[in-house]
There are 2 protein chains.
Amino acid sequence: MTEQAVVQDDAISEVIGALEELLGDRITTSMAVREHHGRGEDYFKPVPSDAVCFPHSTEEVAEIVKLCAAHKVPVIPFGTGTSLEGHVTAPHGGITIDLMQMNNVLEVHPEDMDCRVQAGVTRKQVNEYLRDTGMFFPIDPGADASIGGMAATRASGTNAVRYGTMKENVLGLTVVTADGRIIKTGGRAKKSAAGYDLTRIFVGSEGTLGVITEVHLKLYGIPEKIASAVCQYPSLEEAVNSVILTIQAGVPIARIELLDSLMMERSIAYSDLKGYEAKPTLFYEFHGTEAGVEEQAQLVREIADDFGGSAFQWTVDTEERNHLWQARHDAYYAGIAAEPTKLGMSTDVCVPISRLAECILATEQDTKGSGFDCPIVGHVGDGNFHVLFMLDPDDEDEVRRVKDCNRRIVERAIAMGGTCTGEHGVGVGKMDYLEDEHGEAVELMRTLKRAFDPENIMNPGKMVRI
Amino acid sequence: MTEQAVVQDDAISEVIGALEELLGDRITTSMAVREHHGRGEDYFKPVPSDAVCFPHSTEEVAEIVKLCAAHKVPVIPFGTGTSLEGHVTAPHGGITIDLMQMNNVLEVHPEDMDCRVQAGVTRKQVNEYLRDTGMFFPIDPGADASIGGMAATRASGTNAVRYGTMKENVLGLTVVTADGRIIKTGGRAKKSAAGYDLTRIFVGSEGTLGVITEVHLKLYGIPEKIASAVCQYPSLEEAVNSVILTIQAGVPIARIELLDSLMMERSIAYSDLKGYEAKPTLFYEFHGTEAGVEEQAQLVREIADDFGGSAFQWTVDTEERNHLWQARHDAYYAGIAAEPTKLGMSTDVCVPISRLAECILATEQDTKGSGFDCPIVGHVGDGNFHVLFMLDPDDEDEVRRVKDCNRRIVERAIAMGGTCTGEHGVGVGKMDYLEDEHGEAVELMRTLKRAFDPENIMNPGKMVRI
C-alpha cells in the first residue's frame, strides 16, 4: 500500500469519527449496508464505500460534505439505488450519503402548480401526496426512484413524449456544493433570464458537482379524460413505423411505448397481462378533454390500421390502466426475472425520430446476429429504446461480447445524430462514449467539473474522466 | 492615463491590425459604426467598442476570439442590437463581433422538426424560410431579433406560455469559447442524459462565456386551426384575474397578452388598430385542431364573461391576425414613440401566476403614486409583465426616480417568489439585483464565469460582478 493510500485511510477514519459525533447511529460501517449501497440495479459488481450515513436535513448534508472536503474524502449520493450505470459505486472509497430519510414534501402550491420536496421523496410518493389536489407529477422512470436521483440523472420515462424530462420539470434545486455551502437555484416564476442556469447544470450532473437535497417540481393538472390502449403489430418494423408517423403527425400523445415480442412474452408472464399475444406491441395513452382524447385516438387508430395493427384494446377503468402501466414500468424486472442467475444490462440510446426504425431494426439484426436473444422496449415516441442484455459478470467472454454489441449500438445511434443515453445517464458504464458523442465539448465539461469540484471528491470516477 | 491603459491601447491596436489582415474591409473603426454598435434599444448611453468586425463563419469568429484572448482584449457579441439591458455596450473597450453576416439557415429536418441556423438569422427570417414546410419557430420577442442573440439572452415572447422559451427550444449550439476553441453542444435526439447540459449553460449567458455562432432549433407543426381574439375589460384587476383563472383552468392557450389602457391608447395610435377602446385588453390566440380551438375558446369566453370582458372580437383571416400581433410586438415602439425626446426603460419582472394580480396592481399604484404615467404590457400567462418608463438620460433626478421605482418593482417581484427578469436578461441594468434574487448561488455563477473565461474577456461588465 502506498503512502498516499495510508493517508487516505487515516482521513476516512477521521471523517467517520467526526460523523459518528454528528449523526450518532445514523452512520454505519456495516458491510451489509455498505454492500447494499455499493450497487444499483445493474450488472456492475458492488463497490462499497467506507461508510453510509443517513442525514435528516440539508444542513446535515452540508456538515457531512464539509468534513469530507476538509479531508479530501469522496462523497457518493444515494437515493433508491435503482441506477443502471454504476452511479452509486465507490471506486475511490468515501462516504455514501443515503438521502432516503429526507423524504418530506415541503410545500405544495396548487394555485401555481408546483411543489418542493426533499431529495428522498419518490415519484410515487409525490403522486400519492398530490392525490386529492387534481395535480400530478408526470416523470416516471421504471423504478419508483427518488426525486433527487431522478434530477441527478436527468431521468424521464413513459410520459416524457408529452411532458418532457427532469430537465423541463425542475424549477429549482437546493444543492450542497463540493465545499459544503448550501445554495438555492432557480425560482418559482415560470421563466427567468436572471443569470446562468445553475438548475440545469445540476440536473443530470450525477452527483459529480454537488448533492441535490431539495427539488422544486413543476406539476400538471390531471387531464379531464385519460384513455389507454394497446395495439399489436405483425412486425417490429410496422410497429415502429406506426410510432414515427404518429409523432410526425403531431398527435400530442401522452405515452407511446414499444415492447417487442420477446418483451411482451416476458411481461405477460411477469405481470400477468391477459388477452395479449407475444407480438410487437404499442401501449398508448391519451390525455385531454373528452373531445380531444377522442380526436387523438381516432387519428392514431387510423395510423395503426395502416400498419396492420390489431384493433385497439381499450383499458377503460383506472385500475386496469394502472395495471397496464405498472407492467410497462416493470418491464426491466420482467426481463431480468426470466434469467434469475444473470444480471441485466440495459442499453439506452436515443435517436431523432426519423431514424428510429432504421436504428431499432439494425440493432435487432445485430443482437440476433451476435447470438443474443434480447428483449427491446422503449419510449419510442422520443426515439429512445432499451435492449436488455442478460449477463454473468464473471463470464468474461460473455461480458466482452455484450460490451462489443453495446458499443455498436451506441456508435450506430451517435452516427444517426443520437445520444448514447436518453435517460439512464453516463455513470461508469458510458464514460467511454461521452467523447464519441460530444468531442471537444467534453473538455469544457471537465472545466466545469474542475471549477465546481476542484478536489474531485463529488462522486469521483463517474461521467467525465478528469 | 495609467500604464495599464496604455498597454491596453497597444494590445487593441495590435489586435485591430491583425484583424484587418484577417478580415480586410470586414472590420471597421469608424465612429458611426462603433456608436451604432455601442447601444441597444434602451436608455443606456452608447459605449462604443474599439472596432466592429463582421465574420462570415464560425472559424473566423474563432480566429477573432483567439487574437483577442492572446491580447486580453474584450469581445462583445452583437446581433440585431435590440437588447434592452445594455448588453452590447463596451465599458472596457474591445472588439464587437457583429454576427449579422452569418445569416444562413444551414439545415432543416422536417421529418424530425428541427433546423440549424447561423446566429445572425432573425426569428422572422427563420419563419419566412420555413413558410412552405408546415412548420414554424414560435419564440417571438418584440423585436425581430437574431436567433443567436435570443439564445444568448434566454429570450421568449408571446408564444412562451404554450411553447416555452429559448431554454426549452434550443437543441444544441456551436460556440466559440473564450480561448477560441469551437465546440458543439447538445444534439438532435429529443432527449439525452449524456453529460453536463452545456447547451443550457450558454443559453442565457449573455455573451459572457463564449460566442454563440450556430443554433439548433426545435420546430413545431403549424396548427391545423389558429384563432385570435381580443377582449376588453372594465379594469386592470378584472383583466388580470381573467388571465389567472384561464391559466389555472389548464387551458393550453397559445398566447394571452395584456395591454393596459394607456398601452392600448398608444398601440391604437401607433399601429392603427381599429375598433378598440383605450381599456385594459387581452389579446388571445388559440392553436389546435378545429374542435380543440373551439373548446378552448368556449372556456376562455366563459371566464372572460365572469370578469366583465366585452364580447370576443375574432380576427379570422391571417392578414388581420398578423396585424394584431405585429401591433402587440410593436408595443415597445408604440410606447417610446409617444415621447420622442425620451428613451425607453422596460421593466421585466415575472412572478408565480397566483401573485400576478397583486403584483401588477401594486406596481400600477406605485408608478402612479411616484408621478409616472407608464403603460403596462405583458406576457401575463407566464406571470411576466413590462412597465415602460420614459426618461431623459441626462435628467439625473428623473433617472434616479425611475430607478428607485424600478427597484421597488423588482424587490416586490422577488418577495413574491419571482424574478427580476423574465426575458430581457441581466446585462448592465440588472446586475444589482442578481444577488437579491439568487443569494449565495451568485458565487457559483462567478465560479462558472471564471472557469469558462478566466481572463474575463467575454462581454465583461455584464451580468455577474467578478
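The values are calculated or read from the model by the stated rules, or taken from the named source; none is laboratory data. Since the structure is predicted, the reported quantities are computational estimates derived from the model, not experimental observations. Heads up, the Cβs are rebuilt from the backbone with ideal geometry, glycines too, and the neighbour counts pull from every protein chain shown. To get the accessible areas, we keep the full protein, side chains included, count just its heavy atoms, and leave off ligands, DNA and RNA. Shrake-Rupley method; radii C 1.70, N 1.55, O 1.52, S 1.80 Å.
Worth pointing out:
- Residue check, residue B:390 more than 10 Å from chain A (Cβ to nearest Cβ) and either of a type in the set (Val, Ile, Thr) or open to solvent by less than 50 Å² (accessible area, probe 1.4 Å) (or both): yes
Residues are listed down the side, and each one gets a yes or a no for (1) under 18 Å from residue A:257 (Cβ atoms); (2) more than 19 Å from the chain's Cα centre (by Cα):
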{"position": "A:324", "(1), (2)": "yes, yes"}
{"position": "A:328", "(1), (2)": "yes, no"}
{"position": "A:332", "(1), (2)": "yes, no"}
{"position": "A:338", "(1), (2)": "no, yes"}
{"position": "A:353", "(1), (2)": "yes, yes"}
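- Flag if residue A:321 is touching an Asp or Glu at 6+ places or on another chain (Cβ under 6 Å), away from chain B (no Cβ under 14 Å) and in a helix (DSSP H, G or I): no
- Residues that are surrounded by fewer than 24 Cβ atoms within 10 Å (Cβ to Cβ), farther than 23 Å from residue B:164 by Cβ and among the aliphatic types (A, V, I, L, M) do occur in region A:88-101.
- Taking region B:65-86 as the range and being buried (at least 24 other Cβ atoms within 10 Å of the Cβ) and outside any loop (DSSP other than H, G, I, E, B) as the test, the residues that pass are B:65, B:68, B:75, B:76, B:77, B:78.
- Of all residues in region A:180-191 being at the interface with another protein chain (Cβ under 10 Å from one of its Cβ atoms) and within 21 Å of residue A:452 (Cβ to Cβ), the one that is farthest from the chain's Cα centre (by Cα): A:181
- If you go through region B:314-331 and keep only what is in contact with a Ser or Thr (Cβ under 6 Å, 6 or more places away or on another chain) and not hydrophobic (A, V, I, L, M, F, W, C), you end up with B:315, B:321, B:330.
- Scanning region A:439-457 for residues that are among the charged types (D, E, K, R) and not in a helix (DSSP H, G or I) gives A:440, A:453, A:455.
- Pairs with Cβ under 9 Å, 6+ apart, first in region B:229-256 and farther than 14 Å from residue B:287 by Cα and free of Cβ contacts under 8 Å to residues at least 24 places away in the same chain, second open to solvent by 30 Å² or more (accessible area, probe 1.4 Å) and assigned to a helix (DSSP H, G or I): none
- Positions within region A:393-441 being over 23 Å from residue A:371 (Cβ atoms), more than 7 Å from every other protein chain (Cβ to nearest Cβ) and aliphatic (A, V, I, L, M), in sequence order: A:414, A:415, A:416, A:428, A:431
- Positions within region A:427-450 being touching a Lys or Arg at 6+ places or on another chain (Cβ under 7 Å) and surrounded by 17 or more Cβ atoms within 10 Å (Cβ to Cβ), in sequence order: A:427, A:428, A:431, A:441
- For the criterion of being within 24 Å of the chain's Cα centre (by Cα) and either within 29 Å of residue A:244 (Cβ to Cβ) or modelled with pLDDT of 95 or more (or both), residue B:214 passes.
- Cβ-Cβ under 9 Å pairs, at least 6 apart or on other chains, region B:92-114 side without any contact (Cβ under 8 Å) to a residue 24 or more places away in the chain, far side surrounded by fewer than 17 Cβ atoms within 10 Å (Cβ to Cβ) and polar (S, T, N, Q): B:111/A:248
- Restricting attention to region A:12-50, the residues being touching a helix residue (DSSP H, G or I) at 6+ places or on another chain (Cβ under 7 Å), at pLDDT 95 or above and either under 27 Å from residue A:399 (Cα atoms) or assigned to a loop (DSSP other than H, G, I, E, B) (or both) number 4.
- Pairs where the first residue, in region B:370-387, is more than 10 Å from residue B:259 (Cα to Cα) and among the small types (Gly, Ala, Ser) and the second is part of a strand (DSSP E or B) and open to solvent by 10 Å² or more (accessible area, probe 1.4 Å), C-beta under 8 Å, 6+ apart: B:381/B:255
- Looking only at residues of region B:261-278 that are touching a strand residue (DSSP E or B) at 6+ places or on another chain (Cβ under 8 Å) and surrounded by fewer than 17 Cβ atoms within 10 Å (Cβ to Cβ), we find that the one that is farthest from the other protein chains (Cβ to nearest Cβ) is B:275.
- Hey, residue B:290 within 14 Å of chain A (Cβ to nearest Cβ) and either over 21 Å from the mean Cα position of the chain (by Cα) or under 20 Å from residue B:235 (Cα atoms) (or both) or not: yes
- Unmet requirement for residue B:457, which otherwise passes all of (1) under 29 Å from residue A:454 (Cα atoms); (2) within 13 Å of chain A (Cβ to nearest Cβ): (2)
Rundown of residues vs (1) at pLDDT 95 or above; (2) open to solvent by 70 Å² or more (accessible area, probe 1.4 Å), yes/no style:
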{"residue": "A:280", "(1), (2)": "yes, no"}
{"residue": "A:285", "(1), (2)": "yes, no"}
{"residue": "A:288", "(1), (2)": "no, no"}
{"residue": "A:307", "(1), (2)": "yes, no"}
{"residue": "A:314", "(1), (2)": "no, yes"}
{"residue": "A:318", "(1), (2)": "no, yes"}
{"residue": "A:324", "(1), (2)": "no, no"}
{"residue": "A:336", "(1), (2)": "no, no"}
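- Condition check for residue B:127: polar (S, T, N, Q) and away from chain A (no Cβ under 14 Å): yes
- Selection status of residue A:221, at positive phi and within 12 Å of chain B (Cβ to nearest Cβ): no
- Residue in region A:347-363 that is open to solvent by 10 Å² or more (accessible area, probe 1.4 Å), at pLDDT 95 or above and over 22 Å from residue A:242 (Cβ atoms) present: no
- The lone criterion from (1) away from chain B (no Cβ under 14 Å); (2) of a type outside the set (Gly, Ala, Ser); (3) open to solvent by less than 10 Å² (accessible area, probe 1.4 Å); (4) under 30 Å from residue B:299 (Cα atoms) left unmet by residue A:301 is number (3).
- Within region B:195-208, residues that are more than 8 Å from chain A (Cβ to nearest Cβ) have Cβ atoms under 9 Å from residues that are of a type in the set (S, T, N, Q) and surrounded by fewer than 24 Cβ atoms within 10 Å (Cβ to Cβ) in these pairs: B:208/B:456, counting only partners at least 6 apart in sequence or on another chain.
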